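J.: Structure provided below as structure tokens; questions to follow.
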Amino acid sequence: MKNETDRCIALAGVFQAAGLAYRIAHSGVSDTAAMEASINSLLQVDADSVTAVFGGTSRIAYGLKTLIAQLNGGDSREVEITRYVISLLHLERKLSKDPSMLKRLSDGISSTTERLEHYPLLHANILAGMAGLYSETISTLQPRIMVQGEPLHLQNPENINRIRALLLAGIRAAMLWRQCGGGRFQILFGRRKQLRLAHALLREA
């Protein structure tokens, strides 16, 4: 599970979560299918492959497109999204060295899984639980991710819960990235390779 394609999919997962959080903060809306894939990835603890974590390549298409736009640069690039991605990768490395916090996350996600017997995946109750778990764990690590956007949307508690739940999903994808052998230098110096892989995966989606 350490080939370049797996790393690209995992990195696209980070970009998908970051891109969706950005979109909610600025517009109050999100891509429902992409959000379902990201939130559902939190529940996949025994998946057979990186692709299976997200439910297939097509379910990570939003992240692949976001990755391409960010790494290509130009007018389509949003600096905030890249900042969120870098922060998520950094915070995940801190999390990986904190066994007690990892245990709290595992227990919290298990509790959420049980609630899915009564609520659909994107129900406000489920997202509030995920958001609360993020606040109790990842949000206590420094430096905290400060999401920017339109005050109208950021004052809506449901939007805040959606954003925090997505950032938790971003941490999950960052963990996959590291487990697949990903590192910061591969983003800094392997941009062309990541772009080539992302385009190829998007054609398959």
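What follows is calculated from the coordinates using simple rules that are stated; it is not laboratory data. Source: prediction; values computed, not measured. Reconstructed Cβ throughout: ideal geometry from the backbone, glycine too, with neighbour counts over all protein chains shown.
J.: Only residues that are more than 18 Å from the chain's Cα centre (by Cα) and either in contact (Cβ under 8 Å) with a residue 40 or more places away in the chain or within 23 Å of Val45 (Cβ to Cβ) (or both): list them for segment 67-100, please.
T.: Asn72, Lys97, Asp98, Pro99, Ser100
J.: Hey, Arg23 hits all of (1) outside any loop (DSSP other than H, G, I, E, B); (2) in contact (Cβ under 8 Å) with a residue 24 or more places away in the chain; (3) surrounded by 16 or more Cβ atoms within 10 Å (Cβ to Cβ) but one; which does it fall short on?
T.: (2)
J.: Every residue in segment 108-151 that is of a type in the set (A, V, I, L, M, F, W, C), touching a residue at least 24 places away in the same chain (Cβ under 8 Å), in a loop (DSSP other than H, G, I, E, B) and under 15 Å from Ala18 (Cα atoms), please.
T.: The answer is Ile145, Val147.
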